[in-house]
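Asks: I'd like to ask some things about the structure below.
The values are calculated or read from the model by the stated rules, or taken from the named source; none is laboratory data. Nothing here was measured: the structure is a model prediction, and the numbers come from that model. Quick reminder, even Gly has a Cβ in these numbers, built from the backbone with ideal geometry, and neighbours come from all protein chains shown. These accessible areas exclude ligands, DNA and RNA; they are computed on the full protein's heavy atoms, side chains included. Shrake-Rupley method; radii C 1.70, N 1.55, O 1.52, S 1.80 Å.
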Amino acid sequence: MRKPKIVIVGAGYGGLMTTVRLQKLIGVNEADIVLINKNDYHYETTWLHEASAGTLHHDRVRYDISDVIDKSKVDFIQDTVVEIKKEDKKVVLENGEVDYDYLVIALGGEPETFGIKGLKEYAFGITNVNSSRQLREHIEYQFATYNMEEEKDDTRLAIVVGGAGFTGIEFLGELTNRIPELCREYDVDSSKVKIICVEAAPTVLPGFDPELVNYAVSQLERKGVEFLIGTAIKEATPEGIIVAKGEEEPREIKANTVVWAAGVRGNSIIEKSGFEAMRGRVKVQPDLRVPGFDDVFIIGDSSLVINEEINRPYPPTAQIAMQQGEVVARNLAALIRNKSELETFTFDNKGTVCSLGHDDAIGVVFGKKITGSKASFMKKVVDNRSLYMIGGAGLVLKKGKFNVF
Ligand SMILES: Cc1cc2nc3c(=O)[nH]c(=O)nc-3n(C[C@H](O)[C@H](O)[C@H](O)COP(=O)(O)OP(=O)(O)OC[C@H]3O[C@@H](n4cnc5c(N)ncnc54)[C@H](O)[C@@H]3O)c2cc1C
């Protein structure tokens with residue numbers, strides 16, 4: 001009898017979790033498993049702000065996919081997905097095509113620019129290893145060049161971060177730790193450096209506990225960040241950005257570095273492949289399959305799951321993607337064993353910790369608010385936990401964070 005073929009696209013948190021759980025759950029003779037990813041490595045997306053600021057080398061945030069998959073059960077293909085032909089059950093790749101019986105789409109998200117002019121062209125993103133390396137090197141180049149020019153251009157030392165959500169705040173935390181090092185390294189007067197965070201919403205970290213938000217803001221302000229809250233970026237230009245607060249006249253902020261960290265949408269492959277989506281995210285069924293397509297699961301940043309308590313979508317997180325991966329692995333095992341009852345996904349929120357550099361953080365863990373070194377310790381526990389869940393103790397020893405005190 002022909003074995004069913006399970007294809008998983010994307011080896012981020014959701015896709016890799018599905019793969020490693022599935023390879024444990026099913027026997028070699030039960031199904032063929034194929035994992036497809038752009039790179040031959042997985043990167044910890046949740047650590048990219050560190051690589052972007054230069055506080056952690058980019059090689060520390062990635063590891064080889066071959067280190068965690070069981071090659072006797074999983075065929076790995078390094079290629080880029082171009083489109084999914086769901087009616088023909090085919091995945092179109094840059095270098096060929098792969099057909100499937102069951103498909104798991106775990107391609108992550110893309111920056112949402114809300115149509116703001118110039119952002120795609122002139123702003124940096126924190127999206128993958130290469131964008132992080134480019135941002136780090138760009139900032140270093142600005143510091144290195146500042147000193148070499150006879151006529152000093154202070155805009156080289158001005159950095160604008162668009163968005164005071166999770167990614168923006170975590171990046172600012174790392175950046176404010178990195179700036180004193182850069183100033184020492186490149187003989188730059190630290191009073192010349194300007195870091196501005198622009199947020200359109202009326203608060204930093206919308207949805208977070210206000211007491212923790214105040215703590216984060218005062219810590220970052222103490223380290224030199226200027227917050228422009230309730231202020232929208234209207235345009236990004238080669239010289240900086242144009243902002244406006246309410247009815248006020250738009251004004252220009254000159255800066256040679258603009259980082260866009262305000263919003264995620266689903267992977268563009270989703271819309272290109274004709275799935276019904278909201279901002280590229282598909283509202284999946286409780287068993288994580290796509291309505292109308294019983295052979296396709298979507299998880300992670302390209303999926304949309306409603307938090308019934310507040311009737312709003314859960315924000316896309318690694319925590320959700322990994323939990324979805326575990327459920328999808330069990331549901332796939334059930335399907336290939338011809339069981340019709342599939343498990344329903346329920347998000348089990350273990351808490352959230354937002355770092356403010358390697359030595360400070362805020363968070364709510366098991367319902368308790370924490371700040372400072374306690375929260376920072378918890379952040380490293382969370383980071384190491386995701387390594388453990390995918391690659392066990394060996395991966396934690398190889399890539400884990402042990403600078404806990
Ligand atoms: C700086 C930062 C900090 C964050 N901090 C946290 C945090 O503290 N806690 C938390 O829970 N979440 C956090 N998040 C959010 C979290 O990282 C994402 O929600 C999570 O990575 C989503 O997982 P995923 O499996 O959907 O996608 P990803 O983990 O992004 O993986 C997608 C994979 O698909 C691959 N891929 C993409 N397109 C293609 C293609 N066309 N062909 C082949 N392969 C492709 C990519 O290379 C990647 O390997 C943070 C995000 C950022 C950017």
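Asks: Looking at N130 and the list (1) open to solvent by 30 Å² or more (accessible area, probe 1.4 Å); (2) within 12 Å of the ligand (Cβ to nearest atom); (3) not assigned by TED's automatic domain parsing to the domain that holds F166, which single condition is not satisfied?
Replies: Evaluating N130 over (1) open to solvent by 30 Å² or more (accessible area, probe 1.4 Å); (2) within 12 Å of the ligand (Cβ to nearest atom); (3) not assigned by TED's automatic domain parsing to the domain that holds F166 leaves (3) as the failure.
Asks: Another one. Tell me, yes or no, whether segment 55-68 has at least one residue that is exposed (fewer than 14 other Cβ atoms within 10 Å of the Cβ), among the small types (G, A, S) and not assigned by TED's automatic domain parsing to the domain that holds E271.
Replies: yes
Asks: Additional query: Could you tell me which numbered condition K379 fails, if it satisfies all but one of (1) under 20 Å from K223 (Cα atoms); (2) crowded, with 19+ Cβ neighbours inside 10 Å?
Replies: Of the numbered conditions (1) under 20 Å from K223 (Cα atoms); (2) crowded, with 19+ Cβ neighbours inside 10 Å, the odd one out for K379 is (1).
Asks: Separate question: Looking at A318, A334, A329, which one is of a type in the set (A, V, I, L, M), out of contact with any His (no Cβ under 8 Å at 6 or more places or on another chain), open to solvent by less than 30 Å² (accessible area, probe 1.4 Å) and more than 16 Å from the ligand (Cβ to nearest atom)? Show your work before the answer.
Replies: Details: A318 fails: more than 16 Å from the ligand (Cβ to nearest atom); A329 fails: more than 16 Å from the ligand (Cβ to nearest atom).
Going through A318, A334, A329 in turn, the sole match is A334.
Asks: Suppose we keep only residues that are buried (at least 16 other Cβ atoms within 10 Å of the Cβ) and part of a loop (DSSP other than H, G, I, E, B) within segment 81-95. Which one would you say is farthest from the chain's Cα centre (by Cα)?
Replies: Restricting to residues being buried (at least 16 other Cβ atoms within 10 Å of the Cβ) and part of a loop (DSSP other than H, G, I, E, B), the top hit is K89.
Asks: Also: What are the residues in segment 356-366 that are of a type outside the set (V, I, T) and open to solvent by less than 10 Å² (accessible area, probe 1.4 Å), if any?
Replies: Looking only at segment 356-366, we keep the residues that are of a type outside the set (V, I, T), and these are 356-361, 363, 366.
The answer is L356, G357, A361, G363.
Asks: Then there is this: Scan segment 165-197 residue by residue and report those that are over 17 Å from E50 (Cα atoms), aliphatic (A, V, I, L, M) and either within 11 Å of the ligand (Cβ to nearest atom) or not in a loop (DSSP other than H, G, I, E, B) (or both).
Replies: Listed by number, the list holds a single entry, I196.
Asks: Next question. Is it the case, given these coordinates, that K369 is more than 29 Å from I270 (Cβ to Cβ), open to solvent by 20 Å² or more (accessible area, probe 1.4 Å) and away from the ligand (no atom under 16 Å from the Cβ)?
Replies: Values: more than 29 Å from I270 (Cβ to Cβ): yes; open to solvent by 20 Å² or more (accessible area, probe 1.4 Å): yes; away from the ligand (no atom under 16 Å from the Cβ): yes.
When the stated conditions are applied, K369 passes them.
Asks: Does segment 134-151 hold any residues that are touching a residue at least 24 places away in the same chain (Cβ under 8 Å) and surrounded by fewer than 18 Cβ atoms within 10 Å (Cβ to Cβ), and which are they? Quick ask: steps written out before the conclusion?
Replies: Of segment 134-151, the ones touching a residue at least 24 places away in the same chain (Cβ under 8 Å) are 135-136, 138-140, 142-144, 146-147.
H138, E140, A144, N147, listed by residue number.
Asks: May I ask you to list the residues in segment 135-164 that are within 16 Å of the ligand (Cβ to nearest atom) and over 19 Å from G125 (Cα atoms)?
Replies: In the first step, residues of segment 135-164 are kept if they are within 16 Å of the ligand (Cβ to nearest atom); the result is 135-136, 139, 159, 161-164.
Those that are within 16 Å of the ligand (Cβ to nearest atom) and over 19 Å from G125 (Cα atoms): none in segment 135-164.
Asks: Determine, yes or no, whether P316 is free of Cβ contacts under 8 Å to residues at least 60 places away in the same chain, assigned by TED's automatic domain parsing to the domain that holds L16 and in a loop (DSSP other than H, G, I, E, B).
Replies: Details: free of Cβ contacts under 8 Å to residues at least 60 places away in the same chain: no; assigned by TED's automatic domain parsing to the domain that holds L16: yes; in a loop (DSSP other than H, G, I, E, B): yes.
Against the criterion (free of Cβ contacts under 8 Å to residues at least 60 places away in the same chain, assigned by TED's automatic domain parsing to the domain that holds L16 and in a loop (DSSP other than H, G, I, E, B)), P316 does not qualify.
Asks: Output the strands (runs of 3 or more DSSP E) that fall wholly within segment 225-280 and possess 1 or more residues being open to solvent by 20 Å² or more (accessible area, probe 1.4 Å) and within 19 Å of G108 (Cβ to Cβ), or say none. Spell out how you get there, then give the answer.
Replies: Values: elements: 225-229, 231-237, 240-245, 251-254, 257-260, 264-266.
Because the criterion is at least 1 residues that are open to solvent by 20 Å² or more (accessible area, probe 1.4 Å) and within 19 Å of G108 (Cβ to Cβ), the strands (runs of 3 or more DSSP E) in segment 225-280 that meet it are 257-260, 264-266.
Asks: Applying the selection to segment 183-213, what residues are over 19 Å from G230 (Cβ atoms) and free of Cβ contacts under 8 Å to residues at least 60 places away in the same chain?
Replies: As a first pass, look at segment 183-213 and keep what is over 19 Å from G230 (Cβ atoms): 183-194, 209, 211-212.
Result: C183, R184, E185, Y186, D187, V188, D189, S190, S191, K192, V193.
Asks: Let me ask something else. Can you work out which of the residues in segment 372-390 that are closer than 14 Å to I320 by Cα and touching a residue at least 40 places away in the same chain (Cβ under 8 Å) is nearest to the ligand (Cβ to nearest atom)?
Replies: S386
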